[in-house]
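The values are calculated or read from the model by the stated rules, or taken from the named source; none is laboratory data. Given the structure is predicted, the values throughout are model-derived calculations rather than measurements. All Cβ positions, even for glycine, are placed from backbone atoms using ideal geometry, and neighbour counts span all protein chains on display. Surface accessibility is based on the protein's heavy atoms, side chains included, excluding ligands, DNA and RNA. Shrake-Rupley method; radii C 1.70, N 1.55, O 1.52, S 1.80 Å.
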Amino acid sequence: MSLFESPFFKDAYFQLESAAQTMELDPNILERLKYPKRAIQISVPIRLDDGTVKTFEGYRVQHNMTLGPGKGGIRFHHHCSLSETAALAMLMSFKCALVGLPLGGAKGGIKVDPRLLSRQELQSLTRRYAIEIGPFIGPDKDIPAPDIGTDKQTMAWFMDTYSQLTGYAEPGVVTGKPICIGGSLGREEATGRGVANCINFAYEHFGNKIDRKTTIAIHGFGKVGIPAAEILHEQGARIVALGDISGGIYDKDGLSISKVLNYIEKNGVLKGYPEAEQISNDQLLELEVDVLIPAAIDGVITEKNMKNIKAKMIAEGANGPITKEAVDYLVEQDVFIIPDILCNAGGVIVSYFEWVQGLSHFFWDLTQINKSLHDILKRAFVETANKAKKYKVPFKKAAMITSLNKIQVAMRSRGLFP
Ligand code: NAD
C-alpha cells in the first residue's frame, strides 16, 4: 500500500512542500523529509472471548528522528491506515521541532473499532501490538502515548508488556500512563490546556481577552475536548455547543460543563442531554461562534462545508481537521487558524515532561508542569507570529516554517550517513 494513498498524507505533504518553497528550504533536506525513516506494518492476532482468533492490522511509523527518539500516539480506530499513520508521524516531527523538544516524530495505530472489543480483548490486542513493535520502540528509540481510542489503561498494559521483556519496570517507554506507575501530573488535561492557552495567546495577539461574551463550539468531547471545555469555561468563556460521535448539543446561553460530564458518566455519550437543544455535528461546525475547536478527527472541514463556516477563529485541537482547500478558503475569509502542530502540542510537551521524570525518577508538582507548558507554548506562539510577519504568511504556514528551520539546522549539523 502506498504511503501517499490517503488524502491526509497528501495534505501533510502539501503543507511541507508549500512551506519549503516559501522559506527556500534546502532541497536535499526536503527530499529527506518527504519520506518516513521507517514505516512498519504488522499483524496483531488475538483470541476473542468466544475462543476464535482474529487478526488486526497494526502500524508504527517513525518519520524523522534527527532531534531525538520518536514520539507519537497510538490510535485504535477503524479508519486507521499506514498512510494516515505516516501523515500523523510527519506532523509529529514538525510539532516536536516547533515547540523545541528533543524528540522526533512517530505515530502508531491499529485498524480496529475498540468499542466492539471487551476489556480482555483490548488488553490482548495492546500487549500483542507492543510485542510486535517491541524491537523498534523504547525510552531511547520511540515513546508511544495515547491518541484516539486509547487511554492511560492502554499505556499501562503497554508499559507492563515492555517491562516483562526487559525484566524491570520501564516507565520511560510510554507517556500518558496512570500516575501510580510513573505518569505525570497534568498529562491527562495537557492537550486541552494547551488548546486553551493558545486561544488566550491568539486573543492577546489581537489585543483582546476571553470573557463571558466569547462563544465557543467544540467538536469532539474526549481527551482533548473535555479539558479544553472545562478550562475555557472556568476562564469565563461561554461553551455554547459540544459534539461527539453521537451528535451535538447547543445552548446559546452556555452549557454547564459539569452537568454535561455527569450526564456522560451515566449515559456514555452526549446524545439525549436534556438541558440543551440537540443538533447534528454538521450544524455544530457551522455555528456562528467566536471560536470553533475541532477536537475529534481529521478532515471535518472540507471543500463541502467550508463556505458555511462562520467561526472567526478555529483552534485545531485535532490533527489535520481542516483540508488544504478549506484552509486556503478560510484564510482568504480572514478566519484565524491556530495550527494543529502548535494548538495541540500541549500533549506532547507534558509527555516530554513525563518521559524526563520517568528517566530521572524525580517527579514535579502541577504548578511547575503547567507553568513550563505555558511558557514553552507561548515561546512557540511568538516565534510563529514572528515568522508570519517576516514571510507575510498565515499562521498555519508560519508554524511549519518555524519548525522546518529548526529541523534543517539540526539535519545539516548531523549530516547524512554514510
Ligand atoms: P478521544 O478518542 O479521547 O476523543 C475523540 C472524541 O471525538 C470523542 O468525543 C468521540 O466521540 C468524538 N468523535 C470521534 N469521531 C467523531 C466523528 N466522526 N464526529 C464527531 N465526533 C467524533 O480522542 P482524543 O485523544 O481527544 O483525540 C482527538 C484528536 O486530537 C485527534 O485528532 C488526536 O490525534 C488529537 N490529539 C490528541 C492528543 C491527546 O493527547 N489525546 C494530543 C494531540 C492531538
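Assessment of region 107-120 against the conditions (part of a helix (DSSP H, G or I) and over 23 Å from D298 (Cα atoms)) yields at least one matching residue. The strands (runs of 3 or more DSSP E) found wholly in region 168-263 and carrying at least 2 residues that are within 13 Å of the ligand (Cβ to nearest atom), touching a residue at least 60 places away in the same chain (Cβ under 8 Å) and touching a Leu at 6+ places or on another chain (Cβ under 9 Å) occupy 215-219. Could you please let me know if V393 is of a type in the set (V, I, T) and in a helix (DSSP H, G or I)? Against the criterion (of a type in the set (V, I, T) and in a helix (DSSP H, G or I)), V393 does not qualify. Among the residues of region 299-352, those that are of a type in the set (G, A, S), open to solvent by less than 30 Å² (accessible area, probe 1.4 Å) and within 13 Å of the ligand (Cβ to nearest atom) comprise A315, G317, A318, G320, A345, G346, G347, S351.
For every residue, the table says whether it meets (1) assigned by TED's automatic domain parsing to the domain that holds I131; (2) of a type in the set (F, W, Y); (3) crowded, with 20+ Cβ neighbours inside 10 Å.
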| site | (1), (2), (3) |
| --- | --- |
| F8 | no, yes, yes |
| A12 | no, no, yes |
| N28 | no, no, no |
| T52 | yes, no, no |
| H79 | yes, no, no |
| M92 | yes, no, yes |
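One line per residue, one yes/no per condition, for (1) farther than 24 Å from V348 by Cβ; (2) within 13 Å of the ligand (Cβ to nearest atom); (3) touching an Asp or Glu at 6+ places or on another chain (Cβ under 8 Å); (4) open to solvent by less than 40 Å² (accessible area, probe 1.4 Å):
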| site | (1), (2), (3), (4) |
| --- | --- |
| G58 | no, no, yes, yes |
| E84 | no, yes, yes, yes |
| L103 | no, no, no, yes |
| S118 | yes, no, yes, yes |
| K141 | no, no, no, no |
| A145 | no, yes, no, yes |
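Are any of the residues in region 399-416 at pLDDT 95 or above, touching a Ser or Thr at 6+ places or on another chain (Cβ under 9 Å) and within 16 Å of the ligand (Cβ to nearest atom)? Looking for residues that are at pLDDT 95 or above, touching a Ser or Thr at 6+ places or on another chain (Cβ under 9 Å) and within 16 Å of the ligand (Cβ to nearest atom), one finds at least one in region 399-416, hence yes. Every condition in (1) within 16 Å of the ligand (Cβ to nearest atom); (2) buried (at least 24 other Cβ atoms within 10 Å of the Cβ); (3) outside the structural domain of A295 (by TED's automatic domain parsing); (4) polar (S, T, N, Q) holds for N370 except the one numbered (2). Residues that are open to solvent by 70 Å² or more (accessible area, probe 1.4 Å) and at pLDDT 95 or above do not occur anywhere in region 353-360.
Screening the candidates I218, I264, I210 for the property of being crowded, with 22+ Cβ neighbours inside 10 Å and not acidic (D, E) yields one hit, I218.
Of all residues assigned to region 87-101, none qualifies as being more than 30 Å from V382 (Cα to Cα) and away from the ligand (no atom under 15 Å from the Cβ).
Looking at region 154-173, is at least one residue open to solvent by 60 Å² or more (accessible area, probe 1.4 Å) and under 20 Å from L342 (Cβ atoms)? No; the residues of region 154-173 include none that is open to solvent by 60 Å² or more (accessible area, probe 1.4 Å) and under 20 Å from L342 (Cβ atoms).
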